[in-house]
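The values are calculated or read from the model by the stated rules, or taken from the named source; none is laboratory data. Everything numeric in this text was worked out from a predicted model, so none of it was measured. Positions of Cβ are backbone-derived with ideal geometry, glycine not excepted, and every protein chain shown enters the neighbour counts. Heads up: the accessible areas ignore ligands, DNA and RNA and are worked out on the full protein's heavy atoms, side chains in. Shrake-Rupley method; radii C 1.70, N 1.55, O 1.52, S 1.80 Å.
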Amino acid sequence: MENAEKQMLRESLERFAREKGGMERRLQWSSSELGFDPSSWRQFAENGWLGAMFAEQYGGFGGGAAAMAIIMESIGYGLLLEPYLACVVLGGGMIERIGTEHQKQQLLGKMIDGEIRLALAFAEPRSGYDLGNCKTLLSKSGEGYVLNGQKIAVVNGDSVDTFLVTARIARGSVDRNRLVIAVVPRAANGVTVSGYATVDGLRGCNLGLSGVRVDVNDVLGDSTVSIDSLEALENTIDSATTAVCAEALGAMSALLAVTVDYLKTRKQFGRPLADNQALQHRVVDMYIALEESRVLVADAVRALEGASPAECRSAVSAAKVQVGSACRLLGQEAVQLHGAIGTTAEYVAGSYFKRLTVIGSLFGNRSWHLRRFMQQEQKEV
Amino acid sequence: MDIAMSSEDRAFVEDVRIFISEHLPAGVASKVSNDQLLEKDDYLVWQQALGRRGWLAYTWPVDAGGPGWSVIRQFLFESLCAEMNCPPIVGFGTKMAGPIILEFGTDWQKARFLEPIRKSTEWWCQGYSEPSAGSDLAALSTQAARVGDKYVVNGQKIWTSWAHHADWMFCLVRTSREDRPQKGITFLLIDMRSPGVEVKPILSIDGTHSYNSVFLTDVEVPVGNRIGEEGLGWSVAKFLLAHERLDNSSAGFIKRALKKLRAAAEATGYMEDPIFISTLGEVKVRLRALELLGMTVLAAVSEGKAIGPEVSAIKIRSSELFQLVLELTFEVAGYQALPYDEDLLLGRAMVPAFSPGYAALAATKYFNRRSVSIFGGTTEIQKNIIAKRVLGF
């Protein structure tokens, strides 16, 4: 993407965030049926934002990870509810990496048009953050398969029609133990969706899969070839990790501004709180943590756009480690520096704080990414 | 962490243990253990049972109806209650209004108010903070104009916990403007059923309701409800600060939270993670230091010494450690902590709907307890106290 195009995308997202974002709208729409405003989602589709990351042949404009990061940053800043992460980065990204041309036209193309929404179901009750730790099984059954297992924390899964479910091929098959992605309609027999609001005001679901029939052509990838989608899944999750890091940059920069403003305005003991050097220094610490985060996220975006898988892992983990620390610092400090008002639901700091807290736990926490980062470092030695 | 107990103290602990197991309803203990929101009745059933036994106002002098417990026994009682999942005692009556009325109250006020506090048949709240008077409480501006044998009160109080349940509010109001803001403040007891009192809920970030705004519009308060002299209310309020105790419940809450963290870590495999184990080690070292600091204060008080500003250090470290343990529990719970289980949180359901028990309320508890470093004197104010009174800055 050219710089001019990036700037235009950024400006239109910022405008959208100003008009359609903010805390009141978030509180209003987060308890709606879908958890977001469907007319806003249509706007995303009409503005070409759902395709921005993807190649033109699917209706996108080839913006890659850079476009993704710009959009996610505005989502963070604006406290937007639209399920871009779930649908585009996770769902769309997975299909783009391993789908056949037909699957891409069907699923990716229709998602980009705003016709369908997708959710990627990969986390399990005992999987932790290890993507290979998948116990959902796809067993051969006649001409096709049968799917059994449980998924948790499916981002925005409560309202989608189409799930992409990670599963291992069961014993008894020459492909045993390989990881694949099954396309599962919500309406299929044996699918149980347990939807919920999440603690940060978004939506998710747990998924029960009991004897769900899966056609051979509903497994992502070329069914005539032995597929192992683990690496593609890892790449998709790396992209999603970078996406939420970009979202966090937007949220943190809003939180920093709100905190500075509050300290300058709020008076106690006859003078603004900002007169206290001790408090100024704490806000400086927030600022520095944000700047460190910014450059590491930019580096992760750059790596996603063409570096080797090893370099990607390293760059993405470094970003998540730093962003994890920064989310914690800025979230906690913003609430504390606001005093009592920071602990209330009606004040904006709390909404950012909750989302930043959840981001810390998505796709690997600090210690998980530290370990992965060090594993990469040790390989290089 | 065991303190040196005499055999009588041991027998006392047994008595308390038996009392709790006989009088604390299992359903209430369950809610406390699960970090679910308690209803007024949950607190009342426990507090009134304690009241009947004479154990609710456990810090009051014997001639005011207190049980005459040594400081050690108060400590043991608090620890055991925390450990056995008793609801925390809502102390606005027993720890604030009561001691103030005992110290400064008229005979009529003592006769009218002390017994219902001891028995928890009347519920109190604290009308101190205002939108422009938080840490700078002396800047308060709720006015009280003397009209005949009444005060007419106008203004707004905020962050009033339990105002929605309270029968009475003890309140700092301004009766005159003097050269210093601490002068001209008067201490009033206000009946929450008075015309002109309006309570509006304030929702916290975890979605629960504890705090309120209290709007006072031409509220009439009889002069007989004034504590101490008009214009000298600030020294009444300061009396409480000077006679503050260290409540050992906080160490108890931390230990309970640590047990949950341990259970979560075992369920999720974090107990095999060297990074987590080392973090847990640090938490335990800090807890040990905190408990020993508490012991030091306990020993000093048993010897009749007044507790000093070093208590601020304990408050700071106690709130930080509690918050850290809750944060770690949220982290360890991973994806299982993401669903918002409102029915479980509010006590409408007793079983988690989406996640295992260790995870179900981990996020909301973490969010809710950000307030412990803010309410009751912010960490920043506590640090100022140490800076001035210990370090001499």
**Report entry** Residue-averaged 222 nm ellipticity for chain B, from DSSP H runs of 4+ at -39500 (n - 2.57), nearest 500
**Finding:** -14500 deg cm²/dmol
Report task. Quick one: give the max-minus-min coordinate of the C-alpha atoms of the stretch B:151-275 along each principal axis, largest first, in Å. Result -> 64, 31, 25
Requested in this report: Among B:Asp15, B:Asp179, B:Asp35, determine the one that fluctuates most according to a GNM of chain B built with springs between C-alpha atoms less than 10 Å apart.
Outcome: B:Asp179
Requested in this report: Would you work out which of B:Ile316, B:Pro274, B:Thr217 lies farthest towards the positive end of the dipole of the stretch B:177-327, given +1 charges on the beta-carbon of Lys and Arg and -1 on that of Asp and Glu, about the Cα centre?
Outcome: B:Pro274
Query - Pairs from A:Lys320/B:Lys260; A:Lys135/A:Lys320; A:Lys135/A:Lys379; B:Lys40/B:Lys365; A:Lys104/A:Lys354; A:Lys264/B:Lys150 whose Cα-Cα separation, in the structure shown, is over 30 Å - result: A:Lys104/A:Lys354; A:Lys264/B:Lys150
Query - Cysteines not pairable in chain B (beta carbon separation under 4.7 Å absent) - result: B:Cys125, B:Cys171
Query raised in the report: Taking only the alpha-carbon atoms of the stretch B:1-154, what semi-axes of the equivalent ellipsoid follow from 5 times the gyration tensor eigenvalues under a square root, in whole Å, largest first?
Result: 33, 19, 16
Requested in this report: Name the residue, out of A:Lys320, A:Lys135, A:Lys264, whose mean-square fluctuation peaks in a Gaussian network model built on chain A with Cα pairs under 10 Å.
Outcome: A:Lys264
Query - Peptide B:204-210, shielding by other chains (average Cβ, 10 Å cutoff) - result: 4
Report task. Provide a whole-number value for the mean count of partner chain Cβ atoms within 10 Å of the Cβ atoms in peptide A:203-213. Result -> 1
Query raised in the report: With the dipole of the stretch A:1-67 worked out from charges on the C-beta (+1 for Lys and Arg, -1 for Asp and Glu) around the Cα centre, which of A:Gly21, A:Gln43, A:Met1 lies farthest toward the positive end?
Result: A:Gly21
Query raised in the report: Mean 1/r over all different Cα pairs, inverted: what Kirkwood radius does the stretch A:203-322 give, in Å?
Result: 18.2
**Report entry** List of the stretch A:327-361 residues, accessible area with partners at least 40 Å² below that of the chain alone (1.4 Å probe)
**Finding:** A:Arg328, A:Gln332, A:Gln336, A:Ala340, A:Thr343, A:Thr344, A:Ala345, A:Phe353, A:Lys354, A:Thr357, A:Ser361
Report summary line: Here the residues of the stretch A:207-242 lying in the modelled label zone of A:Ser308, meaning backbone nitrogen under 20 Å from a point 7 Å along Cα-to-Cβ, are A:231-236, A:238-239
Report summary line: Expressed in angstrom and rounded, the centroid-to-centroid distance over alpha carbons for the stretch B:9-62 and the stretch A:256-312 is 46
Query - DSSP H segments from chain B that extend 27 Å or more along their own axis, Cα-based, with Kyte-Doolittle mean of 0.0 or above - result: B:274-302, B:311-333
Query raised in the report: Can you give the Rg and Dmax of the protein assembly as shown based on its C-alpha atoms, in angstrom?
Result: 29.1, 96
Query raised in the report: Any number yet on Rg/Rh for chain A, C-alpha, Kirkwood?
Result: 0.99
Report task. Label the stretch B:54-145 by shape, choosing from rounded, prolate and oblate, from the square roots a ≥ b ≥ c of the eigenvalues of the Cα gyration tensor; if a/c is under 1.5 it is rounded, and otherwise prolate applies when a/b is larger than b/c, oblate when it is not. Result -> oblate
Query raised in the report: Quick one: length gained pulling A:Asp215 to A:Glu380 fully straight, 0.36 nm per residue minus the C-alpha distance?
Result: 55.2 nm
Query - Per-selection Rg to Rh, the stretch A:29-84 - Cα, Kirkwood hydrodynamic radius - result: 1.01
Report task. Could you pull the Rg and Dmax for the stretch A:229-274, using just the Cα atoms, both in Å? Result -> 19.2, 63
Query raised in the report: Taking Rh as the Kirkwood radius, which is the inverse of the mean 1/r over Cα pairs, what is the Rg/Rh value for the stretch B:19-100?
Result: 0.96
Report task. Rounded to whole Å and ordered largest first, report the semi-axes of the equivalent ellipsoid of the stretch A:170-263 derived from its Cα gyration tensor (root of 5λ). Result -> 39, 19, 9
Requested in this report: Compute the long axis of helix A:64-77 from its Cα atoms, compare it with the longest principal axis of the Cα atoms of chain A, and write down the angle in degrees, 0 to 90, nearest 10.
Outcome: 50
Query - About the Cα centre, charge dipole magnitude for the stretch B:71-219 (Lys/Arg +1, Asp/Glu -1 at Cβ), debye - result: 240
Query raised in the report: Once label points are set 7 Å from the Cα along Cα→Cβ at both B:Ser7 and B:Thr217, what is their separation, rounded to one decimal in nm?
Result: 6.7
Query raised in the report: By average Cβ neighbour count within 10 Å, what is the ranking of A:38-48, B:76-86 from highest down?
Result: B:76-86, A:38-48
**Report entry** Percentage of interatomic Cα-Cα distances in chain B larger than 35 Å
**Finding:** 29
Query raised in the report: Relative contact order for chain B: what is it in percent, counting Cα pairs under 8 Å that are at least 6 residues apart?
Result: 14
Report task. Evaluate the relative contact order of the stretch A:250-360 (contact order divided by residue number), counting alpha-carbon pairs under 8 angstrom at least 6 apart; express in whole percent. Result -> 30
Requested in this report: Determine the dipole magnitude for chain B: charges of +1 sit on the beta-carbon of Lys and Arg, -1 on that of Asp and Glu, nothing else is charged, the reference point is the Cα centre, and the result goes in debye to the nearest 20.
Outcome: 540
Query - Relative contact order [Cα under 8 Å, 6+ residues apart], chain A, whole percent - result: 15
Query raised in the report: Using only the Cα atoms, what convex hull volume per residue in Å³ does the stretch A:294-381 have?
Result: 95
Query raised in the report: What translational D, rounded to a whole number of µm²/s, comes out for the stretch A:80-164 from Stokes-Einstein when the hydrodynamic radius is the Kirkwood one over Cα pairs, at 37 °C and 0.692 mPa s?
Result: 236
Query raised in the report: Which whole-angstrom value gives the distance between the alpha carbon centres of the stretch B:117-137 and the stretch B:180-234?
Result: 7
Report summary line: Dividing the helical contributions, -39500 (n - 2.57) per DSSP H run of n ≥ 4, by the residues of chain A yields a 222 nm value, nearest 500 deg cm²/dmol, of -16000 deg cm²/dmol
Report task. Find which of A:Phe163, B:Gly233, A:Met374 sits farthest along the positive direction of the dipole of the protein assembly as shown, computed with +1 on the beta-carbon of Lys and Arg, -1 on that of Asp and Glu, about the Cα centre. Result -> B:Gly233
Report task. Could you rank the peptides A:299-305, B:271-277 by their average count of other C-beta atoms within 10 Å per residue, with the highest value first? Result -> A:299-305, B:271-277
Query raised in the report: Given a 1.4 Å probe and every protein chain left where it sits, what share in percent of the accessible area of the protein assembly as shown is carbon and sulfur?
Result: 51
**Report entry** Whichever lysines have a C-alpha closer than 17 Å to that of B:Lys110, once near sequence neighbours (fewer than 8 apart) are set aside
**Finding:** B:Lys95, B:Lys119
Requested in this report: Could you tell me which GluC sites (Glu not before Pro) in the stretch A:83-174 are loop residues by DSSP with no more than 11 other beta carbons within 10 angstrom of their beta carbon?
Outcome: A:Glu115, A:Glu143
Report task. Output the peptides A:106-114, A:227-235, B:18-26 sorted from most to least packed, where packing is the average of other Cβ atoms within 10 Å over each peptide's residues. Result -> A:106-114, A:227-235, B:18-26
Query raised in the report: Rounded to the nearest whole Å², what accessible area per residue is found for the protein assembly as shown with the 1.4 Å probe?
Result: 42
Report task. Taking the convex hull of the Cα atoms, report for the stretch B:243-316 its projected area averaged over all directions, in nm². Result -> 5.3
Requested in this report: Quantify how strongly other chains surround peptide A:112-125 by giving the mean number of their Cβ atoms within 10 Å of each of its Cβ atoms.
Outcome: 1
Query raised in the report: Computed on protein heavy atoms with a 1.4 Å probe, what is the summed buried accessible area for the chain pair B and A, in Å² to the nearest 100?
Result: 3500
Requested in this report: Return, ordered by residue number, the residues of the stretch B:75-106 whose backbone nitrogen is under 14 Å from a label point located 7 Å along Cα→Cβ of B:Lys259.
Outcome: B:79-87
Query raised in the report: About the Cα centre of the stretch A:156-260, what is the dipole size in debye to 20, counting +1 per Lys and Arg Cβ and -1 per Asp and Glu Cβ, all else neutral?
Result: 380
Query raised in the report: How many angstrom separate the Cα center of the stretch B:343-371 from the Cα center of the stretch A:1-45?
Result: 30
